[in-house]
Every structure is written in structure tokens, then in C-alpha cells.
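One structure below.
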Amino acid sequence: MSEIVMRGTQGRGNNGGEFVRKLLRLLEDASHQDVVRWGKDGGTFVVVEVEKFTRSILPKYFNHSNFSSFTRQLNKYGFHKVKPSSDNESSPSGNVLEFKHPYFRVDGKDDLNKIHLKAPAPRKLQAMEGFTTNHHLIGVTSEQLTATQQQVQQIQELLTDVSQTDRLLVNEVLTLRKMLNAQKQAQHEMLNYLTGYSEGHNSGLLGQSMNWNGAVLTTEEDD
């Protein structure tokens with residue numbers, strides 16, 4: 001076992017979380033030295049073979065094989081990626097990644113309890129609060145919209161009923177108007193008939209009267 005790995009097993013203290021404990025354990029395992037190891041100055045750790053690390057080591061220690069998820073977790077604990085040091089051997093694949101945290105050192109296990117999840121930035125907190133508020137407002141607005149839609153539906157149903165009633169009334173008025181016109185026509189025809197009958201009857205009586213008067217006059221002259 002190398003000197004750095006030997007030093008890494010000494011002075012273990014409290015650490016800042018299960019993630020950091022697992023990270024420490026995998027770095028203390030000498031069988032992974034060709035894939036992941038401490039940097040030569042002990043202040044960083046180096047992923048020499050990203051593909052092998054993702055395929056073989058992540059599932060063993062973190063129960064997943066997603067390197068992006070691993071780096072996001074590092075970032076949450078305050079680790080940041082640094083330019084690989086020229087003192088560290090290059091990777092056969094040419095893909096070396098090096099990470100650093102001020103309290104994560106091979107000889108600084110007593111400082112591990114200082115490693116914590118980063119607190120959300122104030123803007124992020126405000127954004128989260130704003131999101132919560134907006135979510136509440138969206139919920140209220142959605143309820144109001146639902147109530148309004150129900151009111152609109154009720155009004156539409158009422159208008160439909162009124163429209164049907166109006167159509168019935170219009171049809172009834174039209175029917176009554178036709179009946180009235182028919183009655184007027186019948187009355188007009190009856191009046192014409194009675195007028196004609198009266199005039200004809202009067203003319204007949206007048207003719208008979210004139211004939212009778214003429215006959216009387218003739219008789220008197222003969223006498």
C-alpha cells in the first residue's frame with residue numbers, strides 16, 4: 001500500500017455525511033489505485049479512468065452508475081473540479097478529472113466533520129419561496145377558473161331554456177295571429193255576403209212595388 005493510502009487510514013474523524021464516508025472508503029482501497037486515487041499532494045483526488053470508475057466503482061459504493069450524478073453530489077458538498085496537475089499521471093484514455101475540497105485531504109480526517117451540504121443561495125431560497133407562492137396562486141386561480149366555468153355553464157343552460165321558451169312563445173303568437181287573420185277573413189266574407197243579400201232583397205221589393213203601383217194606375221184610367 002502506498003504512503004498516501006497508509007496515511008489515509010489514520011486519524012479518522014467524524015465526517016460530513018454518508019457520501020463523504022463512502023468517498024473516503026473507496027480512496028482508501030488500494031485495489032482502485034489505477035482508477036481513482038488521491039492526488040500526489042494529498043489535497044485532491046483524481047479519477048484516472050472515468051469509464052471504469054463509472055462502470056465498476058460507482059455501483060459498488062453508491063448503488064448507481066451515473067457519473068453526472070456523482071459530480072453533482074460532489075458539488076453539493078462543496079467539491080469543485082480543478083485542472084489536473086502535471087504531477088499526476090495521465091490516463092491511458094486521456095480523460096483525467098481532479099476534484100478538490102479545502103477540508104478533504106489525505107492527512108486531514110479530523111476536518112471531515114466540517115464538510116456539509118451547501119446551504120441554498122439566498123436567490124435560490126427566494127426563487128423557491130416565489131415558486132411556492134406562485135404555486136399557491138396557481139391553485140387559487142385554478143379553483144376560481146373552475147368556479148367561473150361552472151357559472152358560465154349554468155348561464156348557458158339558462159339561456160338555452162329561455163331561448164326554447166322564446167321559440168315556444170313566438171310559435172304560439174304566430175298561431176294566434178293566423179287564427180285572428182282567418183277570423184277577420186271569415187267576418188269580411190260574411191259581411192260582404194250579408195251586404196249583397198240585403199241589397200238584392202231591397203231591389204226585388206222595390207221592383208215589386210213599382211209593378212203594383214203601375215197596375216193600380218192602369219185600372220183607374222180604365223174606369
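Per residue of the stretch 165-177, in order, report the coupling 6.51 cos²θ - 1.76 cosθ + 1.60 (Karplus, θ = phi - 60°) as ³J(HN,Hα) in whole Hz, putting x for Gly and Pro.
Whole-Hz 3J(HN,Hα) from phi for the stretch 165-177: 4, 4, 4, 5, 5, 4, 4, 5, 4, 4, 5, 5, 5.
Report, to one decimal in Å, the Kirkwood hydrodynamic radius for the stretch 90-187 based on all distinct Cα pairs.
Over the stretch 90-187, the inverse of the mean reciprocal pair distance is 22.7 Å.
Calculate the spin-label point distance for residue 138 paired with residue 60, positioning each point 7 Å from the Cα along the beta-carbon direction, and give it in nanometres.
Here the answer is 4.4 nm between the modelled labels.
Going by how many other Cβ atoms sit within 10 Å of their own, how do 62, 104, 131 line up, fewest first?
Neighbour counts put them in this order, fewest first: 131, 62, 104.
May I ask you to derive the FRET efficiency for residue 118 and residue 157 from their Cβ-Cβ distance with R0 = 45 Å, giving the value to the nearest 0.05?
0.20
Laboratory data are not the source of any read-out in this text; all were calculated from the coordinates shown. Since the structure is predicted, the reported quantities are computational estimates derived from the model, not experimental observations. Positions of Cβ are backbone-derived with ideal geometry, glycine not excepted, and every protein chain shown enters the neighbour counts.
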